[in-house]
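A.B. asks: Please read through the structure below; I'll follow up with questions.
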Amino acid sequence: MSEAILYKFDYALGFKIRGTKYANFQVLRDTQYVCPGVLLEVGFLSNWEEAEHSRKKEGVVGFAMAVLQVLYQNFKLQG
């Protein structure tokens, strides 16, 4: 699902895809048997364009809608 979210960020919002990273993050490790999880970093404050996008309400809504659309599509296909 993380790849689908990245693709949606690129396609819908025009953000550069930096790839999927895998690590032993506690927030993911401790919930892996309870529910699926994805840890998202939705931009870098050191990148002026990404920081400006995240500063605006419309930018945050854009991230949220992209994630929501991927979740909806994923669960629609499963159900």
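A.B. asks: Give me the residue from the range 34-57 that is more than 16 Å from the chain's Cα centre (by Cα) and of a type in the set (D, E, K, R) and, out of that set, modelled with the lowest pLDDT.
C.D. replies: Looking at residues that are more than 16 Å from the chain's Cα centre (by Cα) and of a type in the set (D, E, K, R), I get GLU49.
A.B. asks: Residue by residue through the range 15-28, note down the ones that are modelled with pLDDT under 90 and either within 13 Å of the chain's Cα centre (by Cα) or in a helix (DSSP H, G or I) (or both).
C.D. replies: PHE15, LYS16, ILE17, ARG18, GLY19, THR20, LYS21, VAL27, LEU28
A.B. asks: List, please: which pairs have Cβ atoms under 7 Å, are six or more places apart or on different chains, and start with a residue in the range 4-16 that is more than 18 Å from GLN73 (Cα to Cα) and end with one that is surrounded by 19 or more Cβ atoms within 10 Å (Cβ to Cβ) and polar (S, T, N, Q)?
C.D. replies: Listed pairs, sorted by first residue: none to list.
A.B. asks: Additional query: In the range 15-59, which residue that is loosely packed, with under 10 Cβ neighbours inside 10 Å and of a type in the set (Phe, Trp, Tyr) is farthest from ALA4 (Cα to Cα)?
C.D. replies: Per the criteria, the residue is TRP48.
A.B. asks: Let me ask something else. Just to be sure, is GLY62 in a helix (DSSP H, G or I), in contact with a His (Cβ under 9 Å, 6 or more places away or on another chain) and either at pLDDT 90 or above or surrounded by 10 or more Cβ atoms within 10 Å (Cβ to Cβ) (or both)?
C.D. replies: yes
A.B. asks: Taking the range 69-79 as the search range and keeping residues that are surrounded by 12 or more Cβ atoms within 10 Å (Cβ to Cβ) and hydrophobic (A, V, I, L, M, F, W, C), which one is farthest from TYR7 (Cα to Cα)?
C.D. replies: Selected residue: LEU71.
The values are calculated or read from the model by the stated rules, or taken from the named source; none is laboratory data. Keep in mind that what you see is a predicted model, and the values were worked out from it rather than measured. Positions of Cβ are backbone-derived with ideal geometry, glycine not excepted, and every protein chain shown enters the neighbour counts.
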